[in-house]
Amino acid sequence: MYNWRKMTEAQRKDVLRCRRDSGVPWHSPRHVQSNSRLFHITAACYNHEDVIGAEIQRMVEFECSFRESLDGAAEQCHAYVILPNHYHALIKVDDLKSALKELFKLHQKTGYTWNKVDAAKGRRVWCNVLEHAIKSERHFWATINYIHHNPVKHGFVKRWLDWPFSSAKDYLEGIGRSKAIDIWKEYDISRMGEWDQ
């Protein structure tokens, strides 16, 4: 869907026809049907605008609200990161639909509040949450590495610990630097797509 704006009108109509004929939502991802209890979830601000990161205080408040939502929705949050225009988390849930509902409520509340503060009534703030079921131990550890490395990948910081809106510090304290380095080497994110085979 990142290519949507580059498509011709005919290409867009073709994509929508295929999605309609397949029975999937027209403009958002289909939610996962899986027996897994572990999921990598992500959501972005509409058009990847830096709405979360409009100011530091907003990011601080969003992190608190996000963690509260996850506490209510997930049995455990293994990793998370919040960037100016999107977030990622690796969660363990009993019921994915309930977790998604909690995140939807968070998106509604923050979208309404931020639009009011930014004098942007009617602006679409969020895209839908996208989730991927974790398929293996390899997939699990690669996803943790990917989440914690995200601020480095996007050029915000040079090291995980330099980004304050993340579980990286707790992760490194809990697992230890040496083990984290071993996991980073074994579950290399440059091979994303291979880790869950």
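Take Tyr87 and tell me if it is surrounded by 19 or more Cβ atoms within 10 Å (Cβ to Cβ) and not in a helix (DSSP H, G or I). Spell out how you get there, then give the answer.
Values: surrounded by 19 or more Cβ atoms within 10 Å (Cβ to Cβ): yes; not in a helix (DSSP H, G or I): yes.
The answer is yes for Tyr87.
Scan segment 37-59 for residues that are of a type in the set (A, V, I, L, M), in a helix (DSSP H, G or I) and touching a residue at least 60 places away in the same chain (Cβ under 8 Å) and jot them down.
Ala54, Met59
Just for segment 1-20: of the residues that are charged (D, E, K, R) and within 30 Å of Asp95 (Cβ to Cβ), which one is modelled with the lowest pLDDT?
The qualifying residue modelled with the lowest pLDDT is Arg19.
So which of Arg67, Arg37 ends up being surrounded by 13 or more Cβ atoms within 10 Å (Cβ to Cβ), at pLDDT 95 or above and either out of contact with any helix residue (DSSP H, G or I) (no Cβ under 6 Å at 6 or more places or on another chain) or farther than 26 Å from His148 by Cβ (or both)?
It is Arg67.
When you scan segment 115-139, how many residues do you find that are surrounded by fewer than 19 Cβ atoms within 10 Å (Cβ to Cβ) and in a helix (DSSP H, G or I)?
Total satisfying the criteria: 5.
Restricting the first residue to segment 102-113 and requiring it to be farther than 17 Å from Ile41 by Cβ, which pairs with a second residue that is among the aromatic types (Phe, Trp, Tyr) meet a Cβ separation below 9 Å and a spacing of at least six or different chains?
Qualifying pairs under 9 Å: Gly111/Trp126.
The values are calculated or read from the model by the stated rules, or taken from the named source; none is laboratory data. These figures come from a predicted structure and were not determined experimentally. Here the Cβ is made from the backbone with ideal geometry for all residues, glycine too, and neighbour counts use every protein chain on show.
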